[in-house]
Amino acid sequence: MLGNEAAAERALLNRELGLLEFNRRVLAQAQDAEVPLLERLRFLCITGSNLDEFFEIRVAGLKAQVDLGAEGIGPDGLAPREVLAEVSRQAHELMARQYRILNEELFPALAAEGIRFLRRREWSEAQRDWIREFFMHEVMPVLTPIGLDPAHPFPRLLNKSLNFAVELSGKDAFGRNSNIAIVQAPRALPRFVALPPGISGCDWGFVFLSSILHAHVNELFAGMEVKGCYQFRVTRNSDLFVDEEEIKNLRTALQGELPQRNFGDAVRLEVADLCPPHMSEFLLQQFGLGEQELYQVTGPVNLVRLMQVPDRVDRPDLKFKPFIPGIPAQLARPGEMFAAIRKGDILLHHPFQSFKPVVNFIEQAASDPAVVAIKQTVYRTGADSELMEHLIRAARNGKAVTVVVELLARFDEETNVNWASRLEEVGAHVVYGVVGHKTHAKMAMVVRREDGRLRRYVHLGTGNYHSRTATLYTDFGLLTCDEDMTSDVNDVFLQLTGLGRAGRHTHVWQSPFTLHPRLMEAIAHEAAQAREGKPAGITAKMNALLEPETIYELYEASRAGVKIDLIVRGVCALRPGIPGLSENIRVRSVIGRFLEHHRVFHFRSSDSVYLSSADWMDRNFFRRIELCFPVLDARLKRRVIAEALKPYLEDNTQAWEMQSDGSYRQRTPVRGGRVRCAQRELLEQFSAPGGAR
């Protein structure tokens, strides 16, 4: 291990700054001419959504530390105040770049394709008349302007809501002389409106709600002069606090806390670029923010709302080409799911292969008279989950249904509370996991009576039981009835629903008990093999790498001569390529059409391959229930390596190489060399006749 603080400081990178670096890579997709135009707009919106959550959670946490006077140095060698200052500097640069791309690249390119966002100064007389009618009939009736005076203090504004600060002069009907009013745009109003083609003058013409309100704000203040109207948005701390140790009913406490999420402490103020300094200063004072927390933008203050544009515009030529995910040959015949699993383990690679077999697994279990019990974990599943409906139907059919629902899945709490209520109504056993440990493991078990005895069938996954994200995220799922594997999973369910000590499993590594120590042992074993001159190597793919002890163990393996390839989509605190420390470690990130989400670990000396729900982070190792499970079938093991590791190491179009200072450089093909794109190759492979099964 590294033996002094100086070494530790230079050995680790900061998490928050790493997240901003990740968003730079996502934003680069919005500038990539090889990406279809409407998808470029979508990537811009994804960056906006990512930054919203970054401020709501990460920046909010930093501000809380600074406000409490925390001055301790983190594992990266930085104090919270230093991190916050650098985050502010980089976030301002990143957001300015977002709007430059929108205004200078995307809007002109969209306009050239007949997709225009019409500015007020461009409106024709016919457009003005149509927009006025829309305002009078669809917008004005739902607006409630609030003039600020002693009887009307500054309103309590929702997190990330669209608002307008209006400067006025003159007196109202009651003789009041208020010079500022606040107009809140209800969330029911669309943030942009499509004009009829005959009026818009183009195939797809849109007008922002902010432009409509700016043009007609005087209608809200009869007899007064409107001197200025400025859109703004405040981002608030959205991290829920529920003291699990002090409450008797987690669901009831959570239901009481959820409404307050929209009114946490302010962490960022976004205003229109034309907003004058005195108005910006006034708004900063109202929210208790400083100058460094002000972001002036040249466009709509909420880029995320533009995410709807690609879905509204019927231009397939400007979007990714659709594809039909495949179904493994073993599962092609409906109604024979369990017979197929008995013949051998089945590997599903989403989104290249359909998520439908996972839904069918529960659907068939719900109807099968031989099935006596179903157990499943739920972290994120969606508000309209077909899979959850099958669980409800199974309970109605008399099956013993047990569902471990994670109520504290961030931003999915309300959805999960609703599913928990519906499941309990039909007699399912609903468990909320373990106090202090989120249940993040993805596992489902079906118990079936066959030939006079009970047999267990299990699905294990790296991603959530969510049909929509399974079309957007890369993940693996494994269907098996291996007795040792299913016994391990059964033991984990018993831990979650009952009481008892954790046992040692045959195959499964489990957080918070064995996953971290077993991982440390596996890395150390590769190092020992390398020291003896034997073949050794580690290839691992994950979303994030932050846990210090894991990083130090990887450094030791590098020093021992182990070649280590890490594919880390998001934030990575490890510094690769430092002589004497990590010269044998390469880190890359792949950003493309699909969100890289599977966690895959390959240890060369034992030729073992593991799939996991866990990233290599403190929370996953020590504060969550996670599973890491081996791929036992040799054929499927080869598939995992060939599909999830090898093509990503060879990618030279969507891969970014991490530098020792934490920055990234995009890989490009050498002149005359072969162009490699992992996601594109996998799409081609699975769409071709005889593709991987």
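The values are calculated or read from the model by the stated rules, or taken from the named source; none is laboratory data. Predicted model, so just to flag it, every value in this text is computed and none were measured. Every residue, glycine as well, gets a Cβ built from its backbone with ideal geometry; the counts of neighbours run over all protein chains shown. Just so you know, the surface numbers come from the protein's heavy atoms only, side chains and all, with ligands and any DNA or RNA stripped out. Shrake-Rupley method; radii C 1.70, N 1.55, O 1.52, S 1.80 Å.
Values as computed for the structure displayed
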{"read-out": "HN-Hα J in Hz across the range 337-352 - Karplus 6.51, -1.76, 1.60, θ = phi - 60°, x for Gly and Pro", "value": "4, 6, 5, 5, 5, 4, 6, x, 4, 10, 9, 10, 10, 8, x, 5"}
{"read-out": "Long-range amide H partners of residue 434 with built H, under 5 Å", "value": "439"}
{"read-out": "5 angstrom amide H check on residue 578, placed H, neighbours 5+ away", "value": "583"}
{"read-out": "Computed [θ] at 222 nm, helices only, for the chain once each DSSP H run of length n ≥ 4 contributes -39500 (n - 2.57)", "value": "-10000 deg cm²/dmol"}
{"read-out": "Per residue convex hull volume, Cα atoms of the range 510-585, in Å³", "value": "82 Å³"}
{"read-out": "Amide proton proximity set for residue 474, modelled H, under 5 Å, gap of 5+", "value": "595, 596, 597, 598"}
{"read-out": "Protection proxy ranking of 552-564, 331-343 - average other beta-carbon atoms within 10 Å, highest first", "value": "552-564, 331-343"}
{"read-out": "Among 506-518, 467-479, the order from most to least packed when residues are scored by Cβ within 10 Å on average", "value": "467-479, 506-518"}
{"read-out": "Residue-wise HN-Hα coupling along the range 559-573, computed from phi with Karplus coefficients 6.51, -1.76, 1.60 (Hz; x: Gly, Pro)", "value": "4, 7, x, 6, 7, 10, 10, 10, 10, 10, 4, x, 7, 9, 8"}
{"read-out": "Antiparallel bridges, percent of DSSP beta bridges restricted to the chain (to nearest 5)", "value": "70 percent"}
{"read-out": "Cα→Cβ-extended label distance, 7 Å offset, between residue 521 and residue 281, nm", "value": "6.5 nm"}
{"read-out": "Accessible-area value, residue 523, 1.4 Å probe, nucleic acids and ligands omitted, Å²", "value": "0 Å²"}
{"read-out": "Range of Cα positions in the chain per principal axis (Å), largest first", "value": "84, 63, 59"}
{"read-out": "Prolate/oblate/rounded label for the range 191-242 (Cα gyration tensor, a/c 1.5)", "value": "oblate"}
{"read-out": "Simple label model, 7 Å out from Cα along Cβ direction - residue 424 to residue 227, nm", "value": "5.6 nm"}
{"read-out": "Sparse-neighbour loop sites [chymotrypsin sites (Phe, Trp or Tyr not before Pro); the range 379-432; at most 14 other C-beta within 10 Å; DSSP]", "value": "411"}
{"read-out": "Neighbourhood net charge (9 Å Cβ-Cβ; Lys/Arg +1, Asp/Glu -1) for residue 581", "value": "+2"}
{"read-out": "Over the range 1-102: Rg over Rh, Cα atoms, Kirkwood Rh", "value": "1.08"}
{"read-out": "Accessible area in the full protein assembly, largest first, 1.4 Å probe, for 129, 32", "value": "129, 32"}
{"read-out": "Shape category assigned to the range 30-151 from the gyration tensor of Cα positions, a/c cut at 1.5", "value": "oblate"}
{"read-out": "Accessible-area ranking of 88, 663, largest first, probe 1.4 Å", "value": "663, 88"}
{"read-out": "The range 563-693: C-alpha gyration tensor shape, a/c 1.5 cut-off, then a/b vs b/c", "value": "oblate"}
{"read-out": "Packing rank of 385-394, 302-311, 437-446, where each peptide gets the mean count of other beta carbons within 10 Å, highest leading", "value": "437-446, 385-394, 302-311"}
{"read-out": "Phi to ³J(HN,Hα) by Karplus 6.51 cos²θ - 1.76 cosθ + 1.60 over the range 421-431, Hz, x for Gly, Pro", "value": "5, 5, 5, 5, 4, 9, x, 6, 7, 10, 10"}
